[in-house]
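Report on the structure given below.
The values are calculated or read from the model by the stated rules, or taken from the named source; none is laboratory data. What you see is a predicted model; the values in this text were computed from it and never measured. We place every Cβ from the backbone using ideal geometry, glycine too, and count neighbours over all the protein chains shown.
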Amino acid sequence: MNFPVGDIIAKAYLPVNFNTISSELEKINFNGYIIQSVKGSVIEEGVLFFRDGKINACIVECKTSKITLKANEAFNYFLNETKGQGFFQTVKLTRTQVDLVTAFDEKILIKSEVNLKELAKLIPDSFTDKFNIPVEKEDVLNKYGLGSLK
């Protein structure tokens, strides 16, 4: 994912208390994004944009499974990631930069306003590996022509 470069104002390891972080960003009318990377069975990355302290847009990507989620669907995955093992950075942008990002891809805009007072109810208690990719078991004996040894 490529987004504007801004000032990194915070970075830390996951899991975090996302409810507290979002409340602090709301108080300062934050413009920018939080980007986080989490390792489950695969590595997934999520980006959550804030505009004037309000949650504005979201995108989550898993390159291994070639899945990209946007807007409300991505937001649930992002909240799940806050409980995983990984790291995050908070990047400050101008309001204009946030508007430009969402203008280039309107599909990442979250459709309804997220009430930060209700956010705690949406955050899971623990991380769930939602991008679990089934592993195909290889039949080694057949591969080498030794299937009759089974």
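Structure summary
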item	result
Residue in the stretch 101-122 that is over 18 Å from Ser23 (Cβ atoms), loosely packed, with under 11 Cβ neighbours inside 10 Å, in contact (Cβ under 8 Å) with a residue 24 or more places away in the chain and in contact with a helix residue (DSSP H, G or I) (Cβ under 8 Å, 6 or more places away or on another chain) present	yes
Residue that is nearest to Lys107 (Cα to Cα), among those in the stretch 15-49 that are of a type in the set (Phe, Trp, Tyr) and in contact with a strand residue (DSSP E or B) (Cβ under 6 Å, 6 or more places away or on another chain)	Phe49
Strands (runs of 3 or more DSSP E) (entirely within the stretch 36-150) containing at least 1 residues that are closer than 22 Å to Gly6 by Cβ, of a type in the set (Phe, Trp, Tyr) and modelled with pLDDT under 90	none
Residue satisfying all of: in the stretch 1-29; surrounded by 20 or more Cβ atoms within 10 Å (Cβ to Cβ) and in contact with a helix residue (DSSP H, G or I) (Cβ under 8 Å, 6 or more places away or on another chain); farthest from Val98 (Cα to Cα) among these	Phe18
Within the stretch 83-104, tally of residues that are under 12 Å from the mean Cα position of the chain (by Cα) and under 14 Å from Tyr33 (Cβ atoms)	2
Test: residue in the stretch 30-39 that is among the hydrophobic types (A, V, I, L, M, F, W, C) and under 15 Å from Lys130 (Cα atoms)	yes
